[in-house]
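Colleague: Here it is: the structure, laid out below.
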């Protein structure tokens, strides 16, 4: 409701990837755990392509360049938990385009 973090140390988010979408590559100083709620696609992490489909779980480590790709003709949905609130509280968080 507030646009802030879900918990003091973790943020939970849903990300919808429309068909044939490729997100911009970026990196951040936090760890993100993803669960594929719907669809199929891929996430490229520091040049390594990770194919995923509904039910898969994967982790993007801190400060690794990554982007998501929806390869399906339908929407894909990624659920994520990220520790950026803890990193911000410690004044360690950074994010930039890759």
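Colleague: What residue among 15, 71, 35 shows peak mean-square fluctuation when the chain is described by a Gaussian network model with Cα springs under 10 Å?
Modeller: 15
Colleague: Okay, moving on. May I ask you to compute the full-extension gain from residue 98 to residue 75, defined as 0.36 nm times their residue separation minus their alpha-carbon distance, rounded to one decimal in nm?
Modeller: 5.8 nm
Colleague: Further question: Set the Förster distance to 25 Å, then compute FRET efficiency between residue 64 and residue 14 from the Cβ-Cβ distance, nearest 0.05. Don't jump to the answer; show the numbers that get you there.
Modeller: Details: r = 22 Å, r/R0 = 0.87.
E between residue 64 and residue 14, to the nearest 0.05, is 0.70.
Colleague: Based on DSSP H runs of at least 4 residues, each adding -39500 (n - 2.57), what is the mean residue ellipticity at 222 nm of the chain after dividing by all its residues, to the nearest 500 deg cm²/dmol? Kindly include the intermediate steps, with their values, before the conclusion.
Modeller: Details: 1 runs with 6 residues, N = 98.
My calculation for the chain gives -1500 deg cm²/dmol from helical runs alone.
Colleague: In addition: Taking only Cα atoms and a 10 Å spring cutoff, compute GNM fluctuations for the chain and point out the largest among 29, 17, 50.
Modeller: Answer for the Gaussian network model of the chain: 50.
Colleague: If I build a Gaussian network model for the chain, linking alpha-carbon pairs within less than 10 angstrom, which residue out of 31, 64, 23 has the largest mean-square fluctuation?
Modeller: 23
Colleague: Counting alpha carbon pairs within less than 8 Å and at least 6 residues apart, what relative contact order, in whole percent, applies to the chain?
Modeller: 43
Since every read-out is calculated from the coordinates, none of them should be taken as a lab result. Here the structure is a predicted model, which means the values were calculated and not measured. For neighbour counting, all protein chains shown are included, and Cβ atoms are generated from backbone atoms with ideal geometry for every residue, glycine included.
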